[in-house]
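Participant: Submitted below is the structure of interest, expressed as structure tokens.
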Amino acid sequence: MSEPDVVKYCDLMEEIKRRTAVIDFFLVGGGHALYQPPTIESVALQLRKMLELIAFGSLVANKESYSAAYARFAEHWNARLMLRDIDRINPDFYPKPVIEAPSTHPKAIHNLQDRGPDYLTEEEFEKAYEKCGAILHAENPYGSRVDYAYYAERLPVWRTQIVNLLTNHQIRLVGEKGFYLIHMKEDRDDKVHYYRFEPAPLF
């Protein structure tokens, strides 16, 4: 992937961080949309957009694939269909959360280990996406009422699971043999950083 492509991916991650900050603003009581239902809906909108950024982020190295998948997405809001379309283009699209443990190898600083089960899985992604989409539509006065208490409970959980998914994660992009390690922030600054790993050459 070229430098502009990986920078574009990092830009998408920066947008996720900004939208996380908006969610936090509402969740900790820093602000509100006058009363509870629109406040919860505002949080759901930000979270849904974050999920879309995650899904499409792995396609930035291929503009045509990205555009095609995005056009398909415009036809439906079903997460299962959206992920199926993206999976056809890049089966490894979903971020892989990792923890950097100290390495005993003389040429390595860290070992990348799988993160525990505290992050947003693909299955939970589908559920969160569809739930956040459902609440954005006007309520049918003759249908079931929106359970705002459910959203008040689940939205903070999904927010934390997304942060855990992305804090340190690997991605494999379209047409790339190696992978990228993404840090959402580092001690030196609050910026998103990337590191490229490629398969060792065979001799």
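Participant: Determine which single condition T104 fails, assuming it passes every other condition in (1) under 19 Å from M13 (Cβ atoms); (2) out of contact with any Leu (no Cβ under 8 Å at 6 or more places or on another chain); (3) of a type in the set (V, I, T); (4) without any contact (Cβ under 8 Å) to a residue 60 or more places away in the chain.
Facilitator: Here T104 meets the rest and fails (1).
Participant: Residues that are without any contact (Cβ under 8 Å) to a residue 60 or more places away in the chain and surrounded by 15 or more Cβ atoms within 10 Å (Cβ to Cβ): does the stretch 140-153 have at least one?
Facilitator: Of all residues in the stretch 140-153, those without any contact (Cβ under 8 Å) to a residue 60 or more places away in the chain come to 140-145, 147, 149-150, 153.
Then keep just the ones that are surrounded by 15 or more Cβ atoms within 10 Å (Cβ to Cβ); that gives none.
No, the stretch 140-153 has no match at all.
Participant: Give the residues of the stretch 14-37 that are open to solvent by less than 60 Å² (accessible area, probe 1.4 Å) and in contact with a helix residue (DSSP H, G or I) (Cβ under 7 Å, 6 or more places away or on another chain), sorted by residue number.
Facilitator: Those that are open to solvent by less than 60 Å² (accessible area, probe 1.4 Å) and in contact with a helix residue (DSSP H, G or I) (Cβ under 7 Å, 6 or more places away or on another chain): E15, I16, R19, T20, V22, I23, F26, G31, A33, P37.
Participant: In addition: Out of all the residues in the stretch 1-48, which are of a type in the set (V, I, T) and not in a helix (DSSP H, G or I)? So that I can check it myself, show each step before the final result.
Facilitator: First pass over the stretch 1-48, keeping only residues of a type in the set (V, I, T): 6-7, 16, 20, 22-23, 28, 39-40, 43.
Result: V28, single match.
Participant: Only one of A68, A44 is open to solvent by 50 Å² or more (accessible area, probe 1.4 Å) and in contact (Cβ under 8 Å) with a residue 12 or more places away in the chain. Can you tell me which? Break it down into steps so the answer makes sense when it comes.
Facilitator: Working: A44 fails: open to solvent by 50 Å² or more (accessible area, probe 1.4 Å).
Exactly one of A68, A44 is open to solvent by 50 Å² or more (accessible area, probe 1.4 Å) and in contact (Cβ under 8 Å) with a residue 12 or more places away in the chain, namely A68.
Participant: Has the stretch 179-202 got at least one residue that is more than 25 Å from I23 (Cβ to Cβ), in contact with a helix residue (DSSP H, G or I) (Cβ under 6 Å, 6 or more places away or on another chain) and not in a strand (DSSP E or B)?
Facilitator: Checked against the condition, which is being more than 25 Å from I23 (Cβ to Cβ), in contact with a helix residue (DSSP H, G or I) (Cβ under 6 Å, 6 or more places away or on another chain) and not in a strand (DSSP E or B), the stretch 179-202 yields no hits at all.
The values are calculated or read from the model by the stated rules, or taken from the named source; none is laboratory data. Because the structure is predicted, anything quoted here is derived from the model rather than measured. Neighbour counts run over all protein chains shown; Cβ positions are idealised from the backbone, glycine included. The protein model used for the area step is the full one, side chains on, heavy atoms only, and it has no ligands, DNA or RNA in it. Shrake-Rupley method; radii C 1.70, N 1.55, O 1.52, S 1.80 Å.
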